[in-house]
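Take a look at the structure below.
The values are calculated or read from the model by the stated rules, or taken from the named source; none is laboratory data. The structure presented is a predicted model; accordingly, all values stated were derived computationally and were not measured. Positions of Cβ are generated from backbone atoms using ideal geometry, with glycine treated the same way; all protein chains shown enter the neighbour counts.
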Amino acid sequence: MSLISNPSKLPPIAYLRHVVLRSVSSSSSSSSSIAVPSHKHIAHLLLEQKSASHVLETFKWASKLPNFTHSSSTYRALIHKLCIFRHFDTAYQVLDEMPDSIGQPPDEDIFVTIIHCLGRAHMVKQVIKVLDLVCKYDQKPSLKMFNSILDVLVKEDIDIAREFYRKKMMESGVKGDDYTFGILMKGLCLTNRIGDGFKLLQAIKSRGVTPNTVVYNTLLHALCKNGKVGRARSLMNEMEEPSDVTFNILISGYCGEENLVQALVLLEKCFGLGHVPDVITITKVLEILCNDGRVMEAVKVIERVESNGGLVDVVAYNTLIKGFCRLGKAKLGLRIFKEIERKGCLPNVNTYNVLISGFCESGMLDVALDLFNDMKTDGINWNFDTYDTLIRGLCSGGRTEEGLKILDLMNESNGGCRGRICPFNSVLYGLYKENRLDEALDFLTNMGKLFPRAVDRSLRILGFCKEGATENAKRVYDQMIAERAVPCVLIYDYLIHRFCQQGCVRQAFELMNEMIAHCYFPVASTFNVLINAFCEQGKVGSALKLLEDMDCRGCSPDIESYSPLVGALCQKGDFQKAWRLILQMVEKGITPDYFTWNSMLLCLSRETVWLKSKNTFYVNSMLHCIIETQLHSRVDSTLMK
C-alpha cells in the first residue's frame with residue numbers, strides 16, 4: 001500500500017518524483033523490495049523541471065536514493081537544464097564534481113551540450129573557451145566538438161568562424177571532415193560570399209577530397225537564390241552523383257525564373273536518374289505549366305511522379321484544379337477533385353474555393369452553390385475566401401438576393417468579415433448591375449457601422465458629385481487610391497457621370513478603365529453617358545469603339561447607346577454609317593425613337609449627291625422602310641403604355 005494517500009496533492013516536484021518511483025516500482029518483479037530508478041528515469045525527471053533551482057533540488061534528491069549512483073547521462077541532463085536556464089557558472093561547478101562523484105571526467109556529449117547552449121545564448125567568446133575547459137580535464141577536443149563550435153560561430157559571424165577554423169583547427173593539425181566543410185560552406189552562402197564559397201570548393205578538391213553533395217547543394221542553393229541559375233547548372237555538371245535535393249534546387253531555380261523549358265529538361269533528367277523531386281518542387285512545376293495554359297502536361301507530370309512512388313499532396317492538386325478553372329474548364333477541375341478523393345487525398349478548403357471560383361467565372365452558379373453546401377456536409381468550414389468568392393460570383397451573375405443571403409451567413413459566422421470590405425462591395429456591384437441604385441445607396445449607408453471611414457469618404461464623394469463639386473470629389477477619391485483602398489462601384493459611376501457632364505471625357509474614360517481593372521464592368525447607363533459625351537465633342541470614332549467594347553464585354557446596348565451616335569453621324573452627313581447603325585439596332589430588337597428617325601430623315605434630305613446616284617425605286621423603298629419602321633415603333637410604344 002502506498003505511503004502517500006493522495007499523491008496528486010503533492011507539490012509539483014514531489015509529485016513527479018512520486019510518479020517516477022511508482023512507475024519504477026510497478027515495473028519491478030519483486031513486490032517486497034523497492035526498485036532502484038534507472039539513470040534513464042532520473043534523466044527524464046531532470047529534463048522535466050521548469051527552473052534551475054528545481055533541477056538542482058531533484059538532482060540532490062536522487063543522490064540520496066538508496067542504491068542509486070549518478071552517471072554521465074544524469075549529469076548531462078543536469079548540465080543541459082542549467083545551461084538552458086543560463087546558469088553556466090553552476091554548470092561549470094557541476095563539471096568539477098564529476099571526476100570525484102562518478103570517477104570519470106565529463107564526456108564529449110556533455111561538452112557538445114554546453115557548446116550548443118552557449119551558442120543559443122550568443123556567448124561567442126565563451127563557446128571558443130570550451131576548448132580550454134576540455135583541456136582542464138586532461139582531454140583532447142574531438143572533431144565533433146570543433147565542428148559544434150564552428151557551427152555556432154558561422155551563425156554568429158562568418159569571419160570569426162573562418163579565423164577559428166584556420167587558427168584553432170588547421171594550426172592544431174585537426175583535419176576537417178565533410179561536416180566541417182559543409183558548415184563553412186553554409187556560413188559563406190548565408191552571407192552571400194559565393195566567391196569565397198567557390199574558393200572553399202577548390203581548397204577541398206586540392207586536398208584530394210571530393211566534395212560531398214551537401215557542400216555542392218549549399219553552393220547551388222546560394223547561386224539560385226541570387227538569380228545565377230545558369231551558373232548553378234554548370235556547377236551541377238561537376239557533381240559525380242547529383243541527389244534528389246540537387247534537382248529540387250535547380251528545378252525550383254528555373255521555375256523562379258519562369259524558364260519552363262529548362263525546368264522540364266531537368267525534370268526529365270531527374271526521372272531518368274531514378275530520382276523523384278519533392279512535392280514542393282513538383283508544385284512549382286505544375287504552377288508554371290498551368291500559368292502557361294499547359295494543364296494537360298501538368299496532369300502527365302503528376303502521373304509520372306505517382307508512378308515513380310513520389311508524393312503529390314492536396315496543394316499540388318489544387319494547383320492543377322486551378323489551372324483547369326483558369327482555362328474555363330471547371331468541369332475537368334471537378335473531375336480531378338473526385339479522383340483525388342478516390343485516391344485518399346482529402347480536399348481542403350482551398351480546393352473548394354478554387355472550384356467555386358471556377359464555376360462562378362464560368363457562370364455555373366448552381367454548381368458553385370452545390371459545392372458550397374457540400375463543404376458543410378464534408379465537415380470543411382467555410383472561410384472568408386469561400387464567402388467572398390461566392391458572393392462576388394452571385395452578385396456579378398445577376399443573383400444579388402442570393403449573394404445577400406451568403407453575406408448574412410458570413411456575418412453570423414465566428415470570423416465574420418474580419419474588417420474586409422470586398423464582399424460588401426460585391427453586393428453594391430450586384431445592385432448596380434440590376435439598376436437598383438437607390439437600394440445600393442441605402443446598403444452603402446448601412447455599411448457605415450462596420451466600415452465608418454470607408455463609407456464616410458464614399459458618401460462624401462457622392463455628395464460632392466451631386467453638388468457639382470467635382471474637384472473635391474476627385475481629391476477624396478485620390479486619397480482613397482493613395483491609401484490602397486478599393487472604391488465601390490457607385491463612386492466610379494457618379495464620378496464618370498459628373499466628368500461627362502463637365503465635358504471632361506478623357507478623365508471619365510480613364511476612370512472607366514480603372515473601374516474595369518477592379519472587375520467592375522460598367523452597365524449600359526455608364527457606357528451611354530460616355531458615348532453621348534464623345535458624340536457631343538464630335539469624337540464619333542471613339543464613341544463607336546466604345547459601342548463595340550460594350551458588345552465585347554457582354555453589355556447589351558440600348559436606344560440610349562445608339563441614338564447619340566446616329567445623331568452625330570447624321571450631323572456629319574454620314575448617312576450610310578448612320579443607316580448601318582439603324583439596321584444593327586433593328587437586328588438587336590431595339591426600336592429607334594422619334595428623334596433618331598428625325599435625324600435620319602433630315603440627313604437623307606440633305607444627301608442630294610447620294611440621292612442622285614440612286615434610282616427612284618431604291619430611294620422610295622428606303623423612305624417607305626423608314627416610315628414603316630417609325631409607325632411600328634409608335635404603335636409599339638402606345639401598346640407598352
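Annotations
- In region 133-149, the condition of being within 30 Å of I194 (Cα to Cα), outside any helix (DSSP H, G or I) and touching a residue at least 12 places away in the same chain (Cβ under 8 Å) is met by at least one residue.
- Test: residue in region 493-516 that is without any contact (Cβ under 8 Å) to a residue 60 or more places away in the chain, more than 30 Å from P564 (Cα to Cα) and either surrounded by fewer than 17 Cβ atoms within 10 Å (Cβ to Cβ) or not hydroxyl-bearing (S, T, Y) (or both): no
- Cβ-Cβ contacts under 6 Å between residues 6 or more apart (or on different chains), taken from a first residue in region 108-131 that is more than 17 Å from H87 (Cβ to Cβ) to a second residue that is of a type outside the set (F, W, Y) and not in a helix (DSSP H, G or I), are listed as E108/S142; L131/P141.
- Test for Y520: is it of a type outside the set (G, A, S), modelled with pLDDT of 80 or more and not in a helix (DSSP H, G or I): yes
- Some residue of region 582-594 being hydroxyl-bearing (S, T, Y) and at pLDDT 80 or above: yes
- Filtered residues of region 443-456 (kept if surrounded by fewer than 19 Cβ atoms within 10 Å (Cβ to Cβ) and farther than 18 Å from G416 by Cα): T445, R453, D456
- In region 45-61, the residues that are within 17 Å of S71 (Cβ to Cβ) reach residues that are outside any helix (DSSP H, G or I) and hydrophobic (A, V, I, L, M, F, W, C) with C-beta atoms within less than 9 angstrom, at least six apart or across chains, in these pairs: V55/F85.
- Boolean, T377 is within 18 Å of L355 (Cβ to Cβ), surrounded by fewer than 22 Cβ atoms within 10 Å (Cβ to Cβ) and of a type in the set (V, I, T): yes
- In region 104-124, the residues that are in a loop (DSSP other than H, G, I, E, B) and either on the phi > 0 side of the Ramachandran plot or of a type in the set (D, E, K, R) (or both): D107, H122
- Number of the condition not met by C224 [criteria: (1) crowded, with 17+ Cβ neighbours inside 10 Å; (2) more than 34 Å from the chain's Cα centre (by Cα); (3) hydrophobic (A, V, I, L, M, F, W, C)]: (2)
- Among residues of region 225-244 that are without any contact (Cβ under 8 Å) to a residue 12 or more places away in the chain, those with a beta-carbon under 6 Å from a residue that is surrounded by 15 or more Cβ atoms within 10 Å (Cβ to Cβ) at least six positions away or on a different chain give the pairs R231/L223.
- C465 meets all of the listed conditions (1) hydrophobic (A, V, I, L, M, F, W, C); (2) surrounded by 20 or more Cβ atoms within 10 Å (Cβ to Cβ); (3) free of Cβ contacts under 8 Å to residues at least 24 places away in the same chain but one, namely (3).
- None of E268, E303, E297, E258 is of a type in the set (D, E, K, R) and in a loop (DSSP other than H, G, I, E, B) except E258.
- Residue within region 424-440 that is of a type in the set (G, A, S), within 26 Å of the chain's Cα centre (by Cα) and under 22 Å from S357 (Cβ atoms) present: yes
So that you can scan it fast, the table gives a plain yes or no per residue for (1) at pLDDT 90 or above; (2) of a type outside the set (G, A, S); (3) more than 35 Å from the chain's Cα centre (by Cα):
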| position | (1), (2), (3) |
| --- | --- |
| F499 | yes, yes, yes |
| A508 | yes, no, no |
| L511 | yes, yes, no |
| N528 | yes, yes, yes |
| E536 | yes, yes, yes |
| G554 | no, no, no |
| L569 | no, yes, yes |
| K572 | no, yes, yes |
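- Close pairs (7 angstrom Cβ cut-off, 6 or more residues apart or separate chains): surrounded by 15 or more Cβ atoms within 10 Å (Cβ to Cβ) in region 296-323, acidic (D, E) anywhere: V312/E306; T319/E287
- Candidate set: region 158-180, residues that are among the hydrophobic types (A, V, I, L, M, F, W, C) and over 11 Å from L143 (Cα atoms); chosen: the one modelled with the lowest pLDDT: M170
- Within region 1-100, helices (runs of 4 or more DSSP H) holding 3 or more residues that are modelled with pLDDT of 90 or more and in contact with a Cys (Cβ under 8 Å, 6 or more places away or on another chain): 72-84
- Pairs meeting the criteria (first residue in region 160-171 and under 14 Å from L200 (Cα atoms), second residue hydroxyl-bearing (S, T, Y), beta carbons under 9 Å, at least 6 apart or on different chains) are Y165/T180.
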